[in-house]
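Since the structure comes first, as structure tokens, the remarks are kept for the end.
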Amino acid sequence: MRVVWSFHHLILDGWSLFHVLSDVFAGHARITGAPGADDSLTARPDRRPYRDYVAWLRERDTVEAEQHWRDRLLGLSETTPLPYDREPRESHRAESTDAVRVTVPEVTSRALEDLARAEGLTVNTLVQGAWAVLLSRQAGRADVVFGTTVSGRPPELPGAEDMAGLFISTLPTRVAVAGEGTLLDWLRDLQRGQSEDRRFDHVPLTRMKAFTELPERAALFDSIVVFENYPVDDDLAAAHGCD
């Protein structure tokens, strides 16, 4: 039997999908007594309900959060353009798309990981720094903005990492690409800024845009960087007796 399961992104994100599948497979193993399923895997974990996250959101200090984004987006009057080979169509009406897949060689990947570890950085920061430099050079601007997708799971909410629901959000990342100073110092500043931004990731993008000088129909950003590191277990089904 083959099961195809679809869901709307409004109710679930990639991190949560792993938890939901884990619960479903555990339930299947428990009901069927599937051979090969470890007893320790059939127990359903006690996850905090999503309503606890909603309650946490309602308790946030909106004044402090909005002031952060006012300061962050002060004076922003233009969207950083993403280089294109034809005039862009009106929003959501593009008729052609393409995907380019690039695999980073293992030696390069290890070198980036070693650099990040040695300098107290994350690989995500290195990727964002590279994208910021590319946008700056292509657009001819020292001040660039792009979107960054974050997990949205507050570390101060116990059990948030095991909850199921929609948590992710995309934040505007504003970067000053200056020609002075060292690369590592610039990357550390970028990482610190990102860390501070994530403290206020619950502010809606529509609200953030109100703090800019962008025209009404202009977007906050034309490109986003998504660095996925949520848990994935390719052997999950087999471990629960669902080959």
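Please treat every number below as a calculation from the coordinates, not as lab data. Only a predicted model underlies this, so the values are computations on that prediction, with no experimental measurement involved. All Cβ positions, even for glycine, are placed from backbone atoms using ideal geometry, and neighbour counts span all protein chains on display.
Taking other Cβ atoms within 10 Å as a rough exposure proxy, H68, H8 sort from fewest to most as H8, H68. Seen through its C-alpha gyration tensor, with square-root eigenvalues sorted a ≥ b ≥ c, the range 54-183 comes out rounded because a/c lies under 1.5.
Peptide packing for 183-196, 108-121, 141-154 was compared via the average number of neighbouring C-beta atoms within 10 Å per residue; ordered from the highest value, the list is 141-154, 183-196, 108-121.
By the beta-carbon count within 10 Å of each Cβ, the least crowded to most crowded order of R51, R101, fewest first, is R101, R51.
Taking amide H atoms as placed 1.01 Å from N in the peptide plane, the amide H of T173 lies under 5 Å from those of F146, G147, T148, each 5 or more residues away in sequence or on another chain.
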